[in-house]
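*Asks:* I have a structure I would like to understand better, so I am pasting it below and will then ask my questions one at a time.
FYI, it's all coordinate maths here, none of it is from the lab. These figures come from a predicted structure and were not determined experimentally. Heads up, the Cβs are rebuilt from the backbone with ideal geometry, glycines too, and the neighbour counts pull from every protein chain shown.
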Amino acid sequence: MDLRYTNEQSAFQQRVRSFLAEQWASAENKRDSAFITRFRQLATDEGYLYRGVPRRYGGSEQAPDVIRAQIIREEFAAVRAPMEVPGNGVALVVPTLIEWGTDEQKDMFIKKTLTGEYRWAQGYSEPGSGSDLASVTSRAELVGDEWVINGHKIWTTLAQYATHMFALLRTEPDAPKHKGISYILLDMKAPGVTVRPITQINGDTEFCEVFLDDVRTPASMLVGPRGDGWNVSRSTLKHERNHIGSSTRTMPMFRSLVKLAQRRQINGRPAIEDPRIRSALIEIEGYLQSQLWAGYYQQTLAANNESPGVLGLVNKLTTTNFFHRVAQLSAEIIGDDALLAPKQGRDRGGDERWVNQMLGSLGQAISGGTSNIQRNIISERGLGLPRSGSEN
């Protein structure tokens, strides 16, 4: 593993820094949405954003280069410049459509997703189908040139703001459960779509139930072959897990945790001076450093067109474990204040956001596939161990 940049890579890093210094760091209207939109377009024109998306769909169409991609992430993060539009659309739908979509679907959805005009809900989980997505019962029947959809989705993130949904729906009721599912796109404003926000433990309504009653979507909204939605969904989950497994969120959170320990007091002195707190911080930092260096190792492998193997399957799980450890220690540091109900919306301030982090960390074990299922994947597909429940 060689972490030194070549002369060419160092020159690219300097170009990124110069661009950010000119277009972002010196700007005064960084909160203006129109300015952010223009900045993203300039960054795309320079080849820094939407690198894997063809120009005809609004991307910068750059050759795959994991080192350049890492340089861009690091430099943008250093000055807190916005990268791609957040949400399911850019992270999940766009790469899935590029891999599986028709030309019509790509022309219709990708560009407007990149600009944020289209926002996507993920129609996977159901009341009776959580970890076992292959057991979904929501169905789609082809009637003429339309799919007629009926079913019930749950834990759908920000569905109340979504313009469209990508959903797993059973189209072949008599086929084996992994073979009878299709991946279908639908308009959230279509007749028959009902969205009901769910009040969470912290008072937020980030998740929703979505009821689908005779919802119609064109037959052309099928992504990939009919009945092969399981394979398409695995492609989407791959992008989601990679996104979740990134170290770009864990490092800033650890720095914030250290500041919390420096600011809060235990027994009349800063928490960071307490031996137990210091020991826990060192343990978390060691865990974080192992994740960081594992990421560097994977980047080196990718730069040489080599597979990370089992290590690539661990990314999402290690990030989940990190957030759980941070939640436990932050609760100990803020003490009784951890029992207070957090304020809602933008009024959160001070250490109240740590209460939300504690409560939110519980969901990390579910998003992108549950941790237990991920452990099964690592053990069975990565390490070749017997399937759970099988005889030795």
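*Asks:* Expressed as an acute angle from 0 to 90° and rounded to the nearest 10, what is the orientation of the C-alpha long axis of helix 229-244 relative to the principal long axis of the chain?
*Replies:* 10
*Asks:* Moving on to the next point. Nearest 5 percent is fine: what portion of the DSSP beta bridges confined to the chain is antiparallel? Walk me through the numbers on the way to the answer.
*Replies:* Details: 32 of 38 bridges.
DSSP beta bridges in the chain are roughly 85 percent antiparallel.
*Asks:* Right, here's the next one. Which of the GluC sites (Glu not before Pro) found in segment 243-310 are loop residues per DSSP with 14 or fewer other Cβ atoms within 10 Å of their Cβ?
*Replies:* Here the sparse-neighbourhood loop sites are Glu306.
*Asks:* If you split all Cα-Cα distances of segment 270-337 into 5 Å bins from zero, what percentages do you get per bin, shortest first?
*Replies:* Spelled out bin by bin, segment 270-337 gives 3, 15, 21, 18, 14, 10, 8, 6, 4, 1, 0 percent.
*Asks:* Using only Cα atoms and rounding to the nearest 10 degrees, what angle (0 to 90) does helix 103-114 make with the longest principal axis of the chain?
*Replies:* Roughly 30 degrees between the two axes.
*Asks:* Over segment 119-227, what lengths in whole Å, largest first, do the semi-axes of the equivalent ellipsoid take, defined as the square roots of 5 times the eigenvalues of the alpha-carbon gyration tensor?
*Replies:* Numbers: eigenvalues 106, 52, 21 Å².
Equivalent ellipsoid semi-axes, largest first: 23, 16, 10 Å.
*Asks:* Let me know the Kirkwood hydrodynamic radius for segment 4-159, please, with Cα pairs as the basis and the value in Å to one decimal. Intermediate values should be presented prior to the final figure.
*Replies:* On the way: mean 1/r = 0.0554 Å⁻¹.
For segment 4-159, inverting the mean 1/r across all distinct Cα pairs yields 18.0 Å.
*Asks:* Would you please give the FRET efficiency between Ser135 and Val258, computed as 1/(1 + (r/R0)^6) with r the Cβ-Cβ distance and R0 = 35 Å, to the nearest 0.05?
*Replies:* 0.20
*Asks:* Using the basic label-point model (7 angstrom from Cα toward the beta carbon), what is the Glu28 to Ser220 distance in nanometres?
*Replies:* For the pair Glu28/Ser220, the computed spacing is 4.8 nm.
*Asks:* Next question, about the same structure. Between the DSSP loop rule and a limit of at most 15 other Cβ atoms within 10 Å, which GluC sites (Glu not before Pro) in segment 31-95 are left?
*Replies:* Glu46, Glu61
*Asks:* A further question on this structure: Any idea what Rg and Dmax come out to for segment 7-84 if you just take the C-alpha atoms, in Å?
*Replies:* 12.2, 36
*Asks:* Also: Write down the Å³ per residue value for the convex hull defined by the alpha carbon atoms of the chain.
*Replies:* Details: hull volume 69.1 nm³, N = 392.
Dividing the Cα hull volume of the chain by its residue count gives 176 Å³.
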